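Visitor: For reference, the structure I am asking about is given below.
The values are calculated or read from the model by the stated rules, or taken from the named source; none is laboratory data. Please read all numbers here as calculations on a predicted model, not as lab measurements. Note that each Cβ is placed from the backbone with ideal geometry, even for glycine, and that neighbours are counted across all protein chains shown. Side chains are part of the model used for accessible areas, which takes the heavy atoms of the whole protein and leaves out ligands, DNA and RNA. Shrake-Rupley method; radii C 1.70, N 1.55, O 1.52, S 1.80 Å.
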Amino acid sequence: MKALIIDDEVNVREVIRYLGQWEKYGITDILEASNGEEAKHIIEATKPEIIFTDIKMPKMSGIEMIEWLDSISYPGKVIFVTGYNDYSFMRQAIKHRSFDYLLKPIEEEPFNHTLAEAVQAWKNEQNSHSGQETLDEDFQKLRIEQLITDACMGEAYKSTDILPYLPLSDQYEMALISFYQMHYAEPYIKALSDELKERKLGNAFSLQSDRNICVIITVRNEWLTVEEWISQEFDIPVRFVSGRSLSSLSHILDAFQFLQEALDNHQYRSIHKLDELHAARRMKDIVSYVDMYYMEELSLEKLSNLFFFSREHISRKFKQETGLPLSKYMTKLRIQRAKQWLEDTEETIYSISLLLGYQDEKYFSKLFKKVVGLTPFEYRKEKKLTVVSR
């Protein structure tokens, strides 16, 4: 079997190569592409069974890539590996039959878990109907995750589509679990979901818009039972926000917004607090996270929720760790990336500004000149003249 890694960042491709237990899962050839156009030629020539692709890339985005693959009924399994945590993109990926997605920074356990599932799913499909039950289970899991995520994000959904995944009740309650960013939440959410379904108390769902958030819907007056089970069975730190009544499944958005606001305002209960050793590692985790997500909208508030530190603590320690405040550190990374794209691609300056998260090309050009001393156009022209003179 062959695997193709598509990412315009060399270090990301190297990390994926290093983390994957390729031989264990029968992958004998690992191919690489730095953008979608290059990947198309490799796919047409070699037909890899497994594809890992970034979303934001020059020349051809990951979404354009999967749309093309869908149009030719490509039989392989496509997994997004991205720092772009935007549900609108995830919905497009699901629509065009992506197998799964992983968020950067990439962790070994979730990566190999997804690799194993993708390989097995491909083998099942090759064996005709022998894997149909597994495929149906995977589809149902994705289906309910999408329904719950749509409901929480304010998208259109039908309450009657959610009811089959819950025990019958005249009233439900909703709770949230927030997982620490560097932990792999999926096995814990599955274990909780299985327990709730077995005891006919409710269900637990991973949000496709944020894999660190678990939505729990239970029958009335059972959230204390859920919290007690989590305290006994989970061996990692989580934050728990509970007890929002759902008189109707059509009110999921209101309940989610209430619980999310409580989480943002630190109105939660901590289960299994991080020990001192974990606390000492967290700043390095935060810096690694920013190194991957610098093209997105990051704030001290968001980092606080993901890494279980106060905003003030992150602000102070981040500057100690990197020598720069968060905003200036992100600007430095974005400008470095812009310089690379200006030198190595023919992307327009407007396109590069969008890829970096700047909606205003003029603002990006001014910022670039302030840091580099040249406008993006001047910088590209100078680098091309340097290459020609050699």
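Visitor: If you average the sequence gap of Cα pairs under 8 Å that are 6 or more apart and divide by the length of the stretch 251-342, what percent do you get for the contact order?
Guide: Numbers: 40 pairs, mean separation 21.7, N = 92.
With pairs under 8 Å counted, the relative contact order is 24 percent.
Visitor: Lys302 versus Gln171, label points 7 Å from Cα toward the beta carbon: distance in nm?
Guide: Once both label points are built, they end up 3.7 nm from each other.
Visitor: Would you mind checking Lys40/Lys383; Lys56/Lys362; Lys2/Lys284; Lys56/Lys332; Lys284/Lys332; Lys40/Lys366 for any pair whose Cα atoms are more than 25 angstrom apart?
Guide: Numbers: Lys40/Lys383 29 Å; Lys56/Lys362 21 Å; Lys2/Lys284 34 Å; Lys56/Lys332 19 Å; Lys284/Lys332 18 Å; Lys40/Lys366 35 Å.
As for pairs spanning more than 25 Å Cα to Cα, those are Lys40/Lys383; Lys2/Lys284; Lys40/Lys366.
Visitor: For Lys197, which lysines qualify as cross-link partners when the Cα separation must be under 19 Å and same-chain residues fewer than eight apart are set aside?
Guide: Answer for Lys197, where 19 Å is the Cα cut-off: Lys141, listed by chain and number.
Visitor: Hey, another quick one. Just list whichever of Lys104/Lys384; Lys123/Lys190; Lys24/Lys123 have alpha carbons separated by over 25 Å in the model shown. Walk me through the numbers on the way to the answer.
Guide: Values: Lys104/Lys384 32 Å; Lys123/Lys190 23 Å; Lys24/Lys123 14 Å.
In this structure, Lys104/Lys384 lie more than 25 Å apart at Cα.
Visitor: Need one number for the stretch 158-263: average projected area of the convex hull over its C-alpha atoms, nm².
Guide: Value for the stretch 158-263: 6.2 nm².
Visitor: Please report, as a whole percent, how much of the solvent-accessible surface of the chain comes from carbon and sulfur atoms (probe radius 1.4 Å).
Guide: Details: 9430 of 19200 Å².
The computed percentage sits at 49.
Visitor: Something else: Rounded, prolate or oblate: which one fits the stretch 261-390, using the alpha carbon gyration tensor with axes a ≥ b ≥ c (rounded when a/c is under 1.5, else prolate when a/b beats b/c, else oblate)?
Guide: Verdict is prolate for the stretch 261-390.
Visitor: How many nm is it between the label spots at Asp264 and Lys332, if each spot is 7 Å from the Cα in line with the beta carbon?
Guide: Here the answer is 3.0 nm between the modelled labels.
Visitor: Another question, then. Using a 1.4 angstrom probe, figure out how much accessible area the chain has per residue, in square angstrom, rounded to the nearest whole.
Guide: Numbers: 19200 Å² over 390 residues.
Counting only protein heavy atoms, the per-residue value for the chain is 49 Å².
Visitor: Could you tell me the relative contact order of the stretch 318-390? Use alpha-carbon pairs under 8 Å, at least six residues apart, and round to a whole percent. Show your work: numbers first, answer last.
Guide: Values: 42 pairs, mean separation 16.7, N = 73.
Relative CO of the stretch 318-390 lands at 23 percent.
Visitor: Collect residues whose amide H, placed 1.01 Å from N in the peptide plane, falls under 5 Å from the amide H of Lys77; neighbours closer than 5 in sequence don't count.
Guide: Ile50, Ile51
Visitor: Then there is this: So how much slack lies between Glu37 and Glu64, counting 0.36 nm per residue of separation and subtracting their Cα-Cα distance, in nm?
Guide: Numbers: separation 27, 0.36 × 27 = 9.72 nm, distance 1.01 nm.
Stretched fully, the Glu37-Glu64 segment lengthens by 8.7 nm.
Visitor: Would you rank Arg220, Arg269 by solvent-accessible area, highest first, keeping every protein chain in place and using a 1.4 Å probe? Working shown, then result.
Guide: Numbers: Arg220 135, Arg269 95 Å².
So, going from the largest accessible area down, we get Arg220, Arg269.
Visitor: For the pair Ile236 and Met1, what calculated FRET efficiency results from E = 1/(1 + (r/R0)^6), where r is the Cβ-Cβ distance and R0 = 41 Å, to the nearest 0.05?
Guide: Details: r = 33 Å, r/R0 = 0.80.
Efficiency, rounded to the nearest 0.05: 0.80.
Visitor: A further question on this structure: Using the Karplus curve 6.51 cos²θ - 1.76 cosθ + 1.60 with θ = phi - 60°, what ³J(HN,Hα) values do you get for each residue of the stretch 242-253, in whole Hz, with x for Gly and Pro?
Guide: Karplus-based 3J(HN,Hα) across the stretch 242-253 equals 9, x, 8, 5, 10, 5, 8, 5, 7, 9, 4, 4 Hz.
Visitor: What's the Cα-based Rg to Rh of the stretch 14-83, Rh via Kirkwood? Please list the in-between numbers first.
Guide: Details: Rg = 11.9 Å, Rh = 12.7 Å.
In the stretch 14-83, Rg relative to Rh is 0.94.
Visitor: How much accessible surface does Ser71 have with a 1.4 Å probe, in Å² rounded to 10?
Guide: Only protein atoms counted, so the area is about 80 Å².
Visitor: Sticking with this structure for a sec: Given labels modelled 7 Å from the Cα in the Cβ direction, how far is it in nm from Asp29 to Ser310?
Guide: The modelled label-to-label distance comes out at 5.7 nm.
Visitor: Give me the number: length gained by fully extending Glu382 to Glu14, i.e. 0.36 nm times residue separation minus the C-alpha to C-alpha distance, one decimal in nm. Don't jump to the answer; show the numbers that get you there.
Guide: Values: separation 368, 0.36 × 368 = 132.48 nm, distance 3.04 nm.
Length gained, Glu382 through Glu14: 129.4 nm.
Visitor: Out of all DSSP beta bridges in the chain, what portion is antiparallel? Express it as a percent rounded to 5. Intermediate results must be reported in sequence, preceding the final value.
Guide: Details: 23 of 40 bridges.
In the chain, approximately 60 percent of DSSP beta bridges are antiparallel ones.
Visitor: Give the relative contact order (percent, whole number) for the chain; include only Cα pairs under 8 Å separated by 6+ residues.
Guide: On the way: 529 pairs, mean separation 43.2, N = 390.
In percent, rounded to a whole number, it is 11.
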